[in-house]
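The values are calculated or read from the model by the stated rules, or taken from the named source; none is laboratory data. All figures in this text were calculated on a predicted structure; none of them were measured in a lab. For neighbour counting, all protein chains shown are included, and Cβ atoms are generated from backbone atoms with ideal geometry for every residue, glycine included.
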Amino acid sequence: MSIDSIYEPVQDGLELVERKLTGLALVNRPWVAKPLEYVLGGSGKRIRPALTLLAGRSYTYDLDKLVPMAAAIELFHNATLVHDDAVDKAMTRRGRTAVNRMWGEEIAVLLGDYLFSVAADLVCSIGSFRVMRMFAQTLTEISGGQLRETFNAYNWRRDRKSYFEQIYSKTASLFEAATGTGSILSGTPEDAIVALMNYGRDLGMAFQVIDDILDFSGDAGEMGKPVGGDLMQGTLTLPAIMYMEQNPKDRIIREIFEKHGDREKVDRVIKMVRDSMILDECYRIAADFCDKARRDLDVLPDAPPRQSLLDLAGYVIERRK
């Protein structure tokens with residue numbers, strides 16, 4: 001199923017979100033406008049703002065509240081990407097030159113800060129203290145997770161537990177905030193708010209596991225970034241953790257990290273992982289998260305938005321970039 005068909009129940013809202021984002025880039029400050037337009041004009045799938053809209057579509061679909069919230073979620077997401085790329089000294093993002101390569105790491109960090117501030121202003125304009133608090137808590141979770149990942153760079157001793165904690169902070173917490181804020185702003189019953197937040201969390205966990213699988217199995221041209229980038233940057237993801245679990249005497253990943261990256265050895269690890277059953281097991285783990293996300297929706301009304309959320313869980317498993 002195509003992403004456009006999944007988004008059909010909230011297409012009107014997504015179009016308004018795009019207009020909002022385009023308008024936010026039209027600032028009378030050329031030193032901000034150019035990089036801002038570059039970031040917001042990327043080819044992202046807008047999954048997070050779509051989640052905000054879909055979470056509210058089954059109840060009170062108030063676009064005056066949901067559109068600025070969905071736009072804020074997308075700004076938040078882009079801010080994290082810009083900051084991550086600056087920290088990682090990334091070369092590309094979504095098939096285009098990364099902001100830090102276009103304008104330098106200092107500009108990238110400041111632009112990320114600007115995106116966070118604009119997102120916070122949008123959230124405050126809605127006037128919901130509960131939503132403002134959730135936004136702040138999510139920012140704290142993501143920032144803390146990024147600090148933890150940076151301090152643990154090239155640490156080959158990390159295990160599955162720390163990996164799942166990290167991907168919650170890095171990815172799933174914002175998915176959870178997307179569905180949580182959307183449901184809160186729509187007069188959703190409390191049990192359904194909890195269910196939708198759980199759905200967002202579980203979907204986000206699956207999304208990141210798939211992302212980490214693609215770093216081993218994907219095509220660099222399709223993904224818009226180099227394969228094996230996580231190992232090169234000292235990040236231990238699930239496929240690498242499982243490889244070390246199954247091959248405890250093999251020191252190759254430890255050697256990669258001790259050298260702070262070794263392209264030849266990274267390529268060897270990628271091949272060994274591809275030739276094993278590790279990626280199949282990782283897909284099973286991602287599928288388990290998606291199955292849980294589907295079950296989270298049992299309390300929602302049987303309507304098109306619920307079906308779209310169910311279909312989105314299938315889309316996440318099948319995506320290739």
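Quick one: in the stretch 1-25, which of the residues that are part of a helix (DSSP H, G or I) and of a type in the set (Gly, Ala, Ser) is modelled with the lowest pLDDT?
Ala25
Return yes or no: is Ser162 without any contact (Cβ under 8 Å) to a residue 12 or more places away in the chain, of a type in the set (S, T, N, Q) and either farther than 27 Å from Met272 by Cα or surrounded by fewer than 24 Cβ atoms within 10 Å (Cβ to Cβ) (or both)?
Considered against the rule, which asks whether it is without any contact (Cβ under 8 Å) to a residue 12 or more places away in the chain, of a type in the set (S, T, N, Q) and either farther than 27 Å from Met272 by Cα or surrounded by fewer than 24 Cβ atoms within 10 Å (Cβ to Cβ) (or both), Ser162 comes out as yes.
Scan the stretch 26-48 residue by residue and report those that are part of a helix (DSSP H, G or I) and within 22 Å of the chain's Cα centre (by Cα).
Selection gives Pro35, Leu36, Glu37, Tyr38, Val39, Leu40, Ile47, Arg48.
Determine which member of the set Ala71, Ala172 is within 18 Å of Ala50 (Cα to Cα), touching a residue at least 40 places away in the same chain (Cβ under 8 Å), in contact with a helix residue (DSSP H, G or I) (Cβ under 8 Å, 6 or more places away or on another chain) and surrounded by 21 or more Cβ atoms within 10 Å (Cβ to Cβ).
Ala71
As an exercise: evaluate Gly229 against (1) within 17 Å of the chain's Cα centre (by Cα); (2) within 30 Å of Arg130 (Cβ to Cβ) and give the number of the one condition it does not meet.
(2)
Please note which helices (runs of 4 or more DSSP H) are completely contained in the stretch 216-321 and include at least 3 residues that are of a type in the set (A, V, I, L, M, F, W, C) and on the phi > 0 side of the Ramachandran plot.
Output list is empty.
List the number of the failed condition for Leu21; all other conditions in (1) crowded, with 19+ Cβ neighbours inside 10 Å; (2) under 16 Å from Ser186 (Cα atoms) hold.
(2)
Go through the stretch 289-314 and report how many residues are among the polar types (S, T, N, Q) and buried (at least 18 other Cβ atoms within 10 Å of the Cβ).
1
Given the criterion surrounded by 15 or more Cβ atoms within 10 Å (Cβ to Cβ) and either in contact (Cβ under 8 Å) with a residue 24 or more places away in the chain or within 18 Å of the chain's Cα centre (by Cα) (or both), identify the matching residue among Ala178, Ala136.
Only one candidate qualifies: Ala178.
Would you confirm, using the coordinates I've provided, whether Ala120 is within 20 Å of Leu21 (Cα to Cα), out of contact with any Ser or Thr (no Cβ under 9 Å at 6 or more places or on another chain) and modelled with pLDDT of 95 or more?
So Ala120 passes the test.
Exactly one condition in (1) aliphatic (A, V, I, L, M); (2) surrounded by fewer than 22 Cβ atoms within 10 Å (Cβ to Cβ); (3) in contact (Cβ under 8 Å) with a residue 40 or more places away in the chain is false for Val194; which is it?
Every condition holds for Val194 apart from (3).
Free of Cβ contacts under 8 Å to residues at least 24 places away in the same chain and either in contact with a strand residue (DSSP E or B) (Cβ under 8 Å, 6 or more places away or on another chain) or under 24 Å from Tyr315 (Cα atoms) (or both), is that true of Glu37?
Taking the combined requirement at face value, the residue does not satisfy it.
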